[in-house]
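Working notes for the structure below.
Here, each number is a calculation from the coordinates, and none is a lab measurement. Since the model is a prediction, treat every value here as computed from it, not as a measurement. Glycine also receives a Cβ, built like all others from the backbone with ideal geometry; neighbour counts cover every protein chain displayed.
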Amino acid sequence: MAFVITSPCIDEKAADCVETCPVDCIHEGEDQYYIDPDTCIDCGACEAVCPVSAIFQEDFVPDDEKSFIAKNREFFQK
Ligand code: SF4
């Protein structure tokens, strides 16, 4: 299980989450930030600081944002 960054991050990229993450698992992509699901410890700190509410625990990602679960994972498989 991990937290996932979804569409409100695109072009927003506020990056408050990057500073907050205790295990440095949030990485910058071209269009948005991504959370490494293998490193995330599920602490929820990033969700609390995101100014555009783009971050969800995997089980709570809204239906229309579910493609971002795979998008976050794939970013780290390149
Ligand atoms: Fe980092 Fe915690 Fe967010 Fe996972 S839930 S990305 S460990 S701040």
Convex hull over the alpha-carbon atoms of the stretch 33-78: what's its volume per residue in Å³?
77 Å³
Provide Rg over Rh for the chain; use the alpha carbon set for both Rg and the Kirkwood Rh (inverse mean inverse pair distance).
0.90
Using a 10 angstrom cutoff on alpha carbons, build the Gaussian network for the chain and name the most mobile of D11, D38, D63.
D63
Output ³J(HN,Hα) for the stretch 14-28: one whole-Hz value per residue in order, computed from phi by the Karplus curve 6.51 cos²θ - 1.76 cosθ + 1.60 with θ = phi - 60°, and x for Gly and Pro.
5, 6, 4, 5, 4, 5, 7, 5, x, 10, 6, 9, 9, 10, 7
Of A54, G29, A70, farthest towards positive along the dipole that unit charges on Lys, Arg, Asp, Glu beta carbons give the chain
A70
Going by a 4.7 Å Cβ-Cβ cut-off, which cysteines of the chain have no partner at all?
C9, C21, C25, C40, C43, C50
Report the charge-dipole magnitude of the chain in Debye, nearest 20, computed about the Cα centre from +1 at each Lys and Arg Cβ and -1 at each Asp and Glu Cβ.
120 debye
Taking the simple approach of a point 7 Å from Cα along Cα-to-Cβ for both K13 and M1, what is their distance in nm?
3.1 nm
Highest GNM mean-square fluctuation, the chain, Cα pairs closer than 10 Å: which of E19, E30, E47?
E30
